[in-house]
Amino acid sequence: MISMEDEKRYDLIDGNTLKKIYDELRSRLNNIVPLVVICGPGKCDPEEDCTTCEPEKKTNCMYHQRNALKTALNDNGCLATTFEEDLELEYASLQEQIILREPEVDIVFIFPDSRGSAAELLQFTRDPVIRPKVRVLVPHQYHPLYTESESYMTSVYQELMATHGHVYPYDPKNEAHRTPEYIALMMMGAYRLYQLAHQPERGADE
């Protein structure tokens, strides 16, 4: 005799039922829009609008890479912003830390490019609220796995790899390694699915 539980299983085998479940999941996924903050260097020349840079310069310029990443994330289900241009912070260091501690901020991508930004990076990753959100993007030639440099920046990356883990090599030309956009989109796609899978069950609080 077929039980009610068996009938439910047979219903799930039906292609239309599975499609309905899939469509519902896609609809719920579209409602998950992570807030992403992208930190990194500003314009090479503050007086320029950076619209006339040569293609080769744009490829190697972290400012352009940061904005390209923001565009890619905003086009793929995220709400991405950068500090300097979008928020015009007056006391950047303190205000950035306050903002990144907010629960509404999901992920923070950082392009460190100097001793100053490395010190700021360490400050963020030593904050127990901000640390789980931070993802560091490093040009592959400076990543500790691919250089024998003993510079201050390398030591910072090594510390982060040992205590935090999220230090990713990239190649803007997509030759030796993936581009920042590829890395971030892959990561945020998995992040959105994880958030969907761990949402509270509907009706659980009713």
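The values are calculated or read from the model by the stated rules, or taken from the named source; none is laboratory data. Quantities reported herein were computed from a predicted structural model and do not represent experimental measurements. Note that we place each Cβ from the backbone using ideal geometry, even for glycine, and neighbour counts take in every protein chain shown.
Below are the figures for this structure:
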| read-out | value |
| --- | --- |
| Near pairs, Cβ below 8 angstrom, 6+ apart or cross-chain, from region 115-140 (over 23 Å from TYR182 (Cα atoms)) to any residue that is of a type in the set (Asp, Glu) and at pLDDT 85 or above | LEU122/GLU159 |
| Tally of residues being surrounded by 13 or more Cβ atoms within 10 Å (Cβ to Cβ) and part of a helix (DSSP H, G or I) across region 29-42 | 1 |
| Failed condition for ALA197, given (1) more than 15 Å from PRO34 (Cα to Cα); (2) more than 16 Å from the chain's Cα centre (by Cα) | (1) |
| Tally, over region 150-168, of residues that are outside any helix (DSSP H, G or I) and touching a Leu at 6+ places or on another chain (Cβ under 7 Å) | 2 |
| Out of PHE109, PHE124, sole residue that is modelled with pLDDT of 90 or more and within 18 Å of the chain's Cα centre (by Cα) | PHE109 |
| Condition check for ALA204: surrounded by fewer than 18 Cβ atoms within 10 Å (Cβ to Cβ), closer than 19 Å to GLY40 by Cβ, of a type outside the set (S, T, N, Q) and at pLDDT below 85 | no |
| Any chance GLU90 is at pLDDT 85 or above, of a type in the set (Asp, Glu) and either surrounded by fewer than 13 Cβ atoms within 10 Å (Cβ to Cβ) or out of contact with any helix residue (DSSP H, G or I) (no Cβ under 7 Å at 6 or more places or on another chain) (or both) | no |
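Residues checked against (1) surrounded by 19 or more Cβ atoms within 10 Å (Cβ to Cβ); (2) closer than 13 Å to VAL36 by Cα:
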{"position": "ILE99", "(1), (2)": "no, yes"}
{"position": "GLU104", "(1), (2)": "no, yes"}
{"position": "PHE109", "(1), (2)": "yes, yes"}
{"position": "LEU121", "(1), (2)": "yes, no"}
{"position": "PHE124", "(1), (2)": "yes, no"}
{"position": "LYS133", "(1), (2)": "yes, yes"}
{"position": "HIS140", "(1), (2)": "no, no"}
{"position": "SER151", "(1), (2)": "no, no"}
{"position": "ALA162", "(1), (2)": "no, no"}
